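Asks: Let me begin by handing over the structure; questions about it come next.
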Amino acid sequence: MEGTLQTVSELTTQTPFYIEHLDAIVTMLVTIIGFVVTYLMTKKNFKDEVKKNKIALASDQIQTLPYDICQLMDAMIKGNQQGELLNQYSSILSKVLAYGSSHAIKIAIKMQQMSYVSTSNASIDERLPMLAAYSLLITQLKYDLTSEIISPESWFQLRMNDYEKIQPQMQKSINDLIKELDLNHAFKV
């Protein structure tokens, strides 16, 4: 009987299992938490890297667009062949749609809408909004690529000797488009 009592007393003085193996339990919990944190951080880093690669690809594709638009506008002034101009215009719009920011796409859509209603014998006053849209697209793309704001009038000032004659109408066209398309107000002239 005494042997049985001793076992019962031993049982009451023994430490519980979780206290006896506390070091193993803590090690296991730290390992599990470390695994979960590592998994979450790796997942976040992967998403960030994919996003960075998408931005880099888009930047590479639209890098030459402001220059291409300037070349198109130069060709339009020189009166180059319509077929060649249409191919350039179509290529520019496709790149803007594929890689441009939402604001650049808004401008491209507006340009396309204006080109549908424009006629080849339209007066200069009727063509100003279209030219304003081109200059705003250049300004927006430059801003998207470099975060620099250039004046939408820059191209006109560089290429047109008599820009002063149409400057007030052009400024109005530019500002109207900025308001209509809800573009960056810093673009206003």
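The values are calculated or read from the model by the stated rules, or taken from the named source; none is laboratory data. Every value quoted in this text rests on a predicted model; they were computed, and no experiment measured them. Every residue, glycine among them, receives a Cβ derived from its backbone with ideal geometry; neighbour counts consider all protein chains shown. Please note that ligands, DNA and RNA were not included when accessible areas were found on the heavy atoms of the full protein model with its side chains. Shrake-Rupley method; radii C 1.70, N 1.55, O 1.52, S 1.80 Å.
Asks: Scan the range 45-74 and report the pairs whose first residue is open to solvent by 90 Å² or more (accessible area, probe 1.4 Å) and whose second residue is assigned to a helix (DSSP H, G or I), with Cβ atoms within less than 7 Å and a gap of 6+ or a chain change.
Replies: Gln63/Leu145
Asks: Moving to a separate point now. Specify the residue that is modelled with the lowest pLDDT; the eligible residues are those in the range 1-40 that are among the hydroxyl-bearing types (Ser, Thr, Tyr) and open to solvent by 100 Å² or more (accessible area, probe 1.4 Å).
Replies: Just the residues of the range 1-40 that are among the hydroxyl-bearing types (Ser, Thr, Tyr), to begin with: 4, 7, 9, 12-13, 15, 18, 27, 31, 38-39.
Pick out the ones that are also open to solvent by 100 Å² or more (accessible area, probe 1.4 Å) and you get 12-13, 18, 39.
Numbers: Thr12: 57, Thr13: 63, Tyr18: 72, Tyr39: 93.
Filtering first and then ranking leaves Thr12.
Asks: So how many residues does the range 137-189 have that are under 22 Å from Gln63 (Cα atoms) and part of a helix (DSSP H, G or I)?
Replies: Start the filter on the range 137-189 by keeping residues that are under 22 Å from Gln63 (Cα atoms), which leaves 137-156, 158-159, 183-184, 186-187.
Checking which are part of a helix (DSSP H, G or I) leaves us with 137-146, 154-156, 158-159, 186-187.
Adding up the residues that qualify gives 17.
Asks: Show the residue pairs meeting these rules: Cβ distance below 6 Å; 6+ apart or different chains; first residue within the range 156-182 and farther than 23 Å from Ala104 by Cα; second residue open to solvent by less than 50 Å² (accessible area, probe 1.4 Å).
Replies: Tyr163/Phe156
Asks: Something else now. Exactly one condition in (1) charged (D, E, K, R); (2) surrounded by 11 or more Cβ atoms within 10 Å (Cβ to Cβ); (3) within 29 Å of Lys52 (Cα to Cα); (4) free of Cβ contacts under 8 Å to residues at least 24 places away in the same chain is not met by Lys142; state its number.
Replies: (4)
Asks: Which condition does Ile149 not pass, out of (1) open to solvent by 50 Å² or more (accessible area, probe 1.4 Å); (2) closer than 20 Å to Ile174 by Cα; (3) touching a residue at least 40 places away in the same chain (Cβ under 8 Å), if it passes all the others?
Replies: Answer for Ile149: the failing condition is (3).
Asks: Counting just the residues of the range 84-114 that are touching a residue at least 12 places away in the same chain (Cβ under 8 Å) and among the hydroxyl-bearing types (Ser, Thr, Tyr), which one comes out surrounded by the fewest Cβ atoms within 10 Å (Cβ to Cβ)?
Replies: Ser91
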